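The values are calculated or read from the model by the stated rules, or taken from the named source; none is laboratory data. No experiment lies behind these values; they were computed from the predicted model shown. Reconstructed Cβ throughout: ideal geometry from the backbone, glycine too, with neighbour counts over all protein chains shown.
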Amino acid sequence: MDALNRFIDMGGYGGFIWAAYAAAALVLILLWLFSWRSLRRSEGELAQLDRRLPGRKGGQGRTAETARGQA
Amino acid sequence: MHRFANPARFARLAAAITPWSAALTGLLFAVGLTLALIASPPDYQQGETVRIMYVHVPAAWMSMLVYLVVAAGSASALVWRHPLGDIVARAASPVGAGFTLLALLTGSLWGKPMWGTWWVWDARLTSVLVLFFLYLGHIALLHAFDDAARGARAAAILAVAGIINLPIIKFSVDWWNTLHQPASISRLGWPAIDPAILRPLLVMAAAYLAYFITLLMVRVRAELAVAKLRGLRAALLARS
């Protein structure tokens with residue numbers, strides 16, 4: 001228990017050190033969540049649009065094929 | 001390299017890279033945090049507060065590296081009309097703003113116990129604050145026009161012009177008197193830093209870099225999907 005307290009206290013600077021690590025975790029995690037959510041949303045909308053336009057599927061297939069042909 | 005400049009192919013490549021770079025990011029953070037918080041000694045001058053360096057310095061490095069990515073993407077969009085250039089700049093800019101904010105916040109939390117102040121208007125801190133505003137300006141310009149292409153062009157010009165700030169940040173600690181300590185790690189000569197402190201710093205820097213690559217892959221895919229949606233909707237409107 002004593003060792004844990006000393007670890008949290010960090011020689012009296014625990015407040016600054018843990019706040020810095022918490023800020024880092026918060027910024028990095030929030031950026032990740034927002035980015036992942038926007039990917040999910042835009043890919044979802046794209047899939048929805050594809051379903052509404054059945055004629056587009058074939059067109060997309062052709063472009064994918066031409067892209068492969070060029071590779 | 002040009003093979004991957006095709007947006008559709010790049011999206012597939014990005015999707016394939018993401019799980020691997022995400023796993024690498026997790027591993028590097030696990031090792032880096034263990035070294036930074038537990039397995040490294042306190043500094044002989046700064047005591048335990050040196051541990052703030054392990055989240056502060058990599059954030060500051062990344063804030064400049066990401067700006068280079070934004071500026072390079074913008075330049076390739078301006079000069080060669082490269083479709084991926086704008087997408088990469090748009091995807092990277094908010095991440096760079098996040099790293100810069102983090103460098104400022106953690107720097108402030110380090111400055112208070114070591115310098116006795118949260119903030120000073122000296123060259124290093126002010127030039128990094130300018131970098132943060134450059135990012136915000138870039139993001140604002142991207143969204144300032146109804147025509148996305150015009151916004152991208154205006155933002156790209158700002159990003160390229162803003163490059164001038166990077167050497168100012170880098171050399172600010174040498175050119176002006178400042179509270180900020182000079183660089184401990186330089187290419188010339190052995191780093192003026194103990195290996196026990198250098199190790200966690202480098203692992204954390206690698207973790208930040210892997211995190212950025214992972215996030216960039218996710219964000220580029222999202223931006224590509226948005227661009228495709230925009231094109232599809234325009235085509236739909238034209239047809240009806």
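Quick check on the stretch B:77-115: of everything there that is over 19 Å from B:Leu216 (Cα atoms) and of a type in the set (D, E, K, R), which residue is surrounded by the fewest Cβ atoms within 10 Å (Cβ to Cβ)?
That would be B:Arg81.
What are the residues in the stretch A:21-39 that are within 14 Å of B:Ala59 (Cβ to Cβ) and either aromatic (Phe, Trp, Tyr) or surrounded by 15 or more Cβ atoms within 10 Å (Cβ to Cβ) (or both), if any?
A:Tyr21, A:Ala23, A:Ala24, A:Val27, A:Leu28, A:Leu31
Of the residues in the stretch A:1-54, how many are more than 7 Å from chain B (Cβ to nearest Cβ) and farther than 16 Å from B:Val220 by Cα?
Residues that pass the stated criteria total 25.
Over 30 Å from B:Val31 (Cα atoms), without any contact (Cβ under 8 Å) to a residue 24 or more places away in the chain and surrounded by 14 or more Cβ atoms within 10 Å (Cβ to Cβ) - does that describe any residue in the stretch B:189-206?
The answer is no, given that none of the residues of the stretch B:189-206 is over 30 Å from B:Val31 (Cα atoms), without any contact (Cβ under 8 Å) to a residue 24 or more places away in the chain and surrounded by 14 or more Cβ atoms within 10 Å (Cβ to Cβ).
Can you name the condition, by its number, that B:Trp118 falls short on among (1) closer than 30 Å to A:Gly11 by Cα; (2) surrounded by 15 or more Cβ atoms within 10 Å (Cβ to Cβ)?
Result: B:Trp118 fails condition (2) only.
Looking at this structure, is B:Gly26 part of a helix (DSSP H, G or I) and in contact with a helix residue (DSSP H, G or I) (Cβ under 8 Å, 6 or more places away or on another chain)?
So B:Gly26 fails the test.
Specify which of the listed residues (B:Leu215, B:Leu237, B:Leu229, B:Leu209) is modelled with pLDDT under 85, within 30 Å of A:Arg37 (Cα to Cα) and out of contact with any His (no Cβ under 6 Å at 6 or more places or on another chain).
B:Leu237
Can we say B:Leu33 is away from chain A (no Cβ under 11 Å) and surrounded by 17 or more Cβ atoms within 10 Å (Cβ to Cβ)?
no
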